[in-house]
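The values are calculated or read from the model by the stated rules, or taken from the named source; none is laboratory data. Just so we're clear, the structure is a prediction, and the values are computed from it rather than from any experiment. Counting neighbours? That spans all protein chains shown, and the Cβs are built from the backbone with ideal geometry, glycine included.
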Amino acid sequence: MDEQLLIDGCKRGEALARKELYELYAPAMMSVCVPVNLVINLWDNPDWNVYVSGGAA
C-alpha cells in the first residue's frame with residue numbers, strides 16, 4: 001500500500017492501515033529506540049553514573 005494511503009487510512013482509524021504502517025516502520029524504529037532506552041537505563045544506574053562521571057553520583 002502507498003505511504004500516503006496508509007497515512008490517510010490511519011487518520012480515518014482503519015486498523016489495517018495502522019497494522020501495515022507498524023509492520024513497515026517497526027524494525028527501523030526499534031533499531032533507534034532500543035539503544036536509546038539502553039543508554040537511559042544505564043545512565044539511571046548509580047554504578048554506571050559513577051563510572052562515566054569519574055566521581056560520586
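Hey, could you check segment 3-32 for residues that are of a type in the set (D, E, K, R) and outside any helix (DSSP H, G or I) and say which is surrounded by the fewest Cβ atoms within 10 Å (Cβ to Cβ)? Within segment 3-32, the match that is surrounded by the fewest Cβ atoms within 10 Å (Cβ to Cβ) is Arg12.
Residue count for segment 1-36 under the criterion of being modelled with pLDDT under 70 and of a type outside the set (Val, Ile, Thr): the result is 2. For first residues located in segment 11-28 and at negative phi, partners that are outside any helix (DSSP H, G or I) and modelled with pLDDT of 90 or more and lie 6+ apart or on another chain with Cβ distances below 8 Å do not occur.
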